[in-house]
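Read the structure below first, then the notes.
The values are calculated or read from the model by the stated rules, or taken from the named source; none is laboratory data. This is a predicted model, so every value here is computed, not measured. For accessibility, only protein heavy atoms count, side chains too; no ligands or nucleic acids. Shrake-Rupley method; radii C 1.70, N 1.55, O 1.52, S 1.80 Å.
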Amino acid sequence: MTFEMFVTVMMNGLTLGALYFIVASGFSLIFGLMRTVNMAHGTLYLIGAYLGYSVYDLTENWYYAIAAGMTAAAVFGAIMQVTLLGWMQGQELRQALVTIGLSIIVADQLLAHYGGLSLQFFPPDALFGATAFPIIERYPTFRLFQIGAAVAVGVALWLILNRTKLGLMIRAGVDDREMLAAMGVRVSLVAVVVFALGAALAGLGGVIGGSAQPFSQGTDVRFLLTSLVVVIVGGMGSIGGTAIGAIIVGMAEQWGQALFPTYSVIVTFVIMAAVLAVRPQGIMGRPS
Amino acid sequence: MTGMIRSWPLALTAAVIAVLVILPLLLPNFWIANILGRSIAYGIIALSLTFLATYGGFVSLAQTMIAGVAGYTIAILAPTAIPAGAGWSYGLAIPFAILMATLAGLIVGAIAVRTRGIYLLMITLALAVGFSLFVQSNVELFNGYEGIRNVVGPDVFGMPFRTPLVFYYVSLATAVLLYLGVMYLVRTPFGLVLQALRDNSRRAAALGYNTALHRIAAFGAAGFIAGCGGVLTCFYNIGISPGSVGMGATVNILIMSVIGGLGHPIGAFIGALIFTLIDTFAASIYDRDRFNTLIGLLFLVIVLASPDGVLGIGKKLAGLFRRKERSAEAAPVSPAQASPAQSEH
């Protein structure tokens, strides 16, 4: 393996990890902080991608697609939380089953509406093409943008959680839900906001991911799987843990594909099993 | 839970089995193989999930994957398979496939042993989806996306395995043995410890029981059950492909177990029968292409209305009926007396 190839695979792993971070941070937010189980996270990704695509098709504006994808996923997520998941708070298995049922229905309806062919966005000119990059000379601009977007999401989440009143309420809710409610905070409303925020991140991931690689039926399963593995490895409810998990999974996938192509999936799962054996709560997770 | 087992007396079980044995005389071949036989074969896989959920409290989504391990093992070893594999005889390949599934169950149990509840569900789902992506991308062993075809099964008494009657009776016999095996197992000391761990693992551990070993052994037993189902469904589908172990297939088994009810092993077969009926007759109910929407809605309604599935609904109705009967006998039942009967479920 040449040094150039080494750098390319490292960059590919990092940029893939960046996309995974955007999607999985939403999952981690919803489950890790609000204890709401959401097995429809991949579905929210797909809703963001498809509805973003509809708007992209009409307006030919990629930024509108981003806004539409995030809004669609957030609205759907908020509706899920208000109508179904909110009142079964604490019944984790039931929430898991309900969201699995929803994801089957939504995936089938998306298939009926959009068909089974792969779709893909074309990012605007500013993000298209390649940029000069040390050692490997050129690297796709959009992949570099993915890293920027992931960093922006990470910083924004950290600021929301640590520097705003909403963040204060969310963190208080993690520690003692009843006490927070007793202090006059409408915990159910906070939960809806957090769910919408997490869903919007899935939708954002849908449009960004749909610009980097085509999406179709089955993409939802892939991103649900990735979100699960990332938070299992990184630890629930920790932004830093999610970032570490996302980079590990992204790297494992890219290095696996580069070194032993048809066995690459196994690498990810060996890592997951190893983390579970040593630290069941994940690398940065708090022991339960 | 024990009360529930007693309320399913042996006589009823024997009667149901007798009806199932006679049924092929009355029904056309399509019903025997494609409705009843298929329900029983998939019901066995669902039984492995229901067993873990009911008696261990583990909702494992890896059971379809474990059935797939058996299915792929037999497909790779089978003498008739296309592309040709090892070419063992079925007499050797079938026990080996079930052994591999049992091992896979033990491995899943070992990976998930320190987690429970929703984490267990997530980890087993991740393992299941990972396995399907792996077999899909690996051509060397698993023939990638196409999978392995023409796994027809052995001849039984000189008749091909896929003769409706042969497939039906072999599936039925396997299911009855496994069902009775589960009902026996949960009353052995091992089964009682398993239920103790489900109800209060700290207390059971304090009594000196090895929590981890019991849990892993339960996954091994469930792996054995799922392996039997995996071999049968592989013969039913005349082969196996990544679609048989993917997210869709995994969720289908979950749907069967939940619709039937995660309160008693028989729920697995009831759920499998309902699922198969809807799958077969969806065209006349709604739209064949939108089967997933239909089954998804039914699943959602069941989870929302009766988390214990059809069995739960049946028990509620039976409870209502019994209460009416009792009040008709003018025997006033105080709430305190009535509550133990309620608390059984």
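For the stretch B:80-152, rounded, prolate or oblate, judged on the Cα gyration tensor with a ≥ b ≥ c (square roots of eigenvalues), a/c < 1.5 rounded, else prolate if a/b > b/c? The shape class here is oblate.
Backbone phi angles across the stretch B:151-157, fed through the Karplus curve with coefficients 6.51, -1.76 and 1.60 (θ = phi - 60°), yield HN-Hα couplings of 8, 8, x, x, 7, 10, 6 Hz in residue order; Gly and Pro are listed as x. Compactness ratio for the stretch B:30-246: Cα radius of gyration over 2.2 N^0.38 Å (N = residue count) comes to 1.03.
Principal axis extents of the C-alpha atoms in the stretch B:161-318 (largest first, rounded to whole Å): 56, 40, 32.
The phi-based Karplus calculation (6.51 cos²θ - 1.76 cosθ + 1.60; θ = phi - 60°) puts the 3J(HN,Hα) values of the stretch B:263-271 at x, 7, x, 5, x, 4, 6, 4, x Hz, whole numbers, x for Gly and Pro.
When the Gaussian network model of chain B links Cα atoms closer than 10 Å, the mean-square fluctuations of B:LEU25, B:LEU165, B:LEU125 top out at B:LEU25.
Of the residues making up the stretch A:57-101, those losing 50 Å² or more of accessible area when the isolated chain is joined by the remaining protein chains, with a 1.4 Å probe, are A:LEU93, A:ARG94, A:LEU97, A:ILE100.
Summary value for chain B: 28 percent relative contact order, contacts being C-alpha pairs under 8 angstrom separated by 6+ residues.
Note on exposure: A:ARG163, B:ARG162 ranked by accessible area (1.4 Å probe, complete protein assembly) read A:ARG163, B:ARG162, with the most exposed listed first. For the stretch A:187-201, backbone phi angles converted through the Karplus equation (6.51, -1.76, 1.60; θ = phi - 60°) give residue-by-residue couplings of 4, 5, 5, 4, 4, 5, 4, 5, 4, 4, 4, x, 5, 4, 5 Hz, Gly and Pro being listed as x. Every Cα-Cα pair of chain A was included, and the share exceeding 24 Å stands at 50 percent. Result for chain B in a Gaussian network model with C-alpha springs under 10 Å: among B:VAL310, B:VAL166, B:VAL21, the largest mean-square fluctuation is at B:VAL21.
Would you work out what percent of the accessible area of the stretch B:30-246, with all protein chains in place, is carbon or sulfur (probe 1.4 Å)? Intermediate values should be presented prior to the final figure.
Working: 5480 of 8060 Å².
C and S atoms contribute 68 percent here.
In terms of overall dimensions, the stretch A:107-180 has a Cα radius of gyration and Dmax of 20.4, 57 angstrom.
For A:ALA130, the amide hydrogen comes within under 5 Å of the amide hydrogens of A:THR141, counting only partners 5 or more places away or on other chains and with H modelled in the peptide plane. Size descriptors for the protein assembly as shown: radius of gyration and Dmax over Cα atoms are 25.5, 91 Å.
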